[in-house]
Amino acid sequence: MAPLSRPPSDLPPRLRASVSGGVVPGLGEGAEGAPAFTLTTPPRLALPVLIAVPHAGRAYPPQVTARMRDAALAQLRLEDRLVDRLGVAIARETGAALLVAHAPRALLDLNRAEDDIDWDMIEGGRPADIEAPAPGQRSNARARSGLGLVPRRLPGSGEIWRGRLPADELAARIEGIHRAYHTVLAEALERIRAQWGAALLIDLHSMPPLRAAEGEARAPVFVLGDRFGAACDNRLMGRALAHLEARGAAAAHNRPYSGGYVLDRHGAPQAGRHAMQIEVCRTAYLDRQFAQPGPGLPAIAALLATLVRELGAETALLGGAESQRQAAE
């Protein structure tokens, strides 16, 4: 894993990051020139929650955008555009820890498994020492759809890239972005769990507008995912859905998004590590082009902050008596 470094100077003063780490290959000089992510932990963690934002990164190396067939469209479609601004606002308001990826999803998708690779887009193809997945094997399922570890195509838009990706560049991205990010995420969650007895990861994403389900009057503004109960305690999900319903916010559970690799890897309720994915409709916080902040951003951030506070309190209770004592001090 690349060494951790000093944080970028453009972060808000009240959320000055503790550490930045990882490397975006081809952007900046040396390990400290282009961090792949920034982890912010307040001096005193107010609740046992880590908010992670894996898909809002905008640190594009020029040679990467030059290889895109339509860079502007690919960036707009692949990014969870500006959802990191929601993450920053929520963390500032609640005192939760915050992990934001700067490496764009176009370079490498942090919500995919390390082996979920479409080898047809890599120079030289699949290495001889890597076996092809067996028929029906889950691994590489997203790669076959064009949205694997390195996205290859967009639905309705076709191929993203001109030419193939060099194998050594793929290896550098895996080491400097994927492994570094998930190592830091795991370590941060374990520190929280050790302090509070339990930890909750909020994996924050955005989604295109959905249609209302049959029999429903409104389309969901939020979709909460827990891998169908495998990634977090049912009490947390129940509390979250009830919280949003009480405030008139339309929410769905696991459909159409139940979570991905992040929840599979880091959610372990039986070990005190809970993980929940939250998808926010882009119409709720962006402008009509889904490109810039919209007038709804402050209200959505405030609503999510109240949700995170409630889930943090519930997670502390799940952690046991020691967590309750710390929370009361």
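If you go through region 264-279 and keep only what is surrounded by fewer than 23 Cβ atoms within 10 Å (Cβ to Cβ) and either of a type in the set (Val, Ile, Thr) or assigned to a helix (DSSP H, G or I) (or both), you end up with 264, 265, 266, 269, 270, 271.
Do we find that residue 316 is open to solvent by less than 30 Å² (accessible area, probe 1.4 Å), touching a Pro at 6+ places or on another chain (Cβ under 8 Å), over 21 Å from residue 88 (Cβ atoms) and in a helix (DSSP H, G or I) in this structure? So residue 316 passes the test. In this structure, is residue 231 open to solvent by 10 Å² or more (accessible area, probe 1.4 Å) and either touching a residue at least 12 places away in the same chain (Cβ under 8 Å) or under 25 Å from residue 81 (Cα atoms) (or both)? In short, no. Scan region 69-94 for residues that are surrounded by fewer than 18 Cβ atoms within 10 Å (Cβ to Cβ) and either touching a helix residue (DSSP H, G or I) at 6+ places or on another chain (Cβ under 6 Å) or not charged (D, E, K, R) (or both) and the total you get is 6.
Residue-by-condition table, conditions (1) within 24 Å of residue 307 (Cβ to Cβ); (2) open to solvent by 10 Å² or more (accessible area, probe 1.4 Å); (3) among the charged types (D, E, K, R); (4) at pLDDT 50 or above:
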| position | (1), (2), (3), (4) |
| --- | --- |
| 10 | no, yes, yes, no |
| 15 | yes, yes, no, no |
| 18 | no, yes, no, yes |
| 22 | no, no, no, yes |
| 25 | no, yes, no, yes |
| 31 | no, yes, no, no |
| 35 | no, yes, no, yes |
| 46 | yes, yes, no, yes |
| 51 | yes, no, no, yes |
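Selection over region 187-224 of residues that are aliphatic (A, V, I, L, M) and open to solvent by 40 Å² or more (accessible area, probe 1.4 Å) gives a count of 6.
Yes/no matrix, rows are residues, columns are (1) outside any helix (DSSP H, G or I); (2) at pLDDT 95 or above:
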| site | (1), (2) |
| --- | --- |
| 187 | no, yes |
| 194 | no, yes |
| 213 | yes, no |
| 219 | yes, yes |
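The values are calculated or read from the model by the stated rules, or taken from the named source; none is laboratory data. Treat the numbers as computed from the prediction; the structure is a model and nothing was measured. Don't worry about glycine lacking a Cβ; one is built from the backbone with ideal geometry, like all the others, and counts go over all protein chains shown. When the accessible area is computed, the model is the full protein with side chains, heavy atoms only, and any ligands, DNA or RNA have been set aside. Shrake-Rupley method; radii C 1.70, N 1.55, O 1.52, S 1.80 Å.
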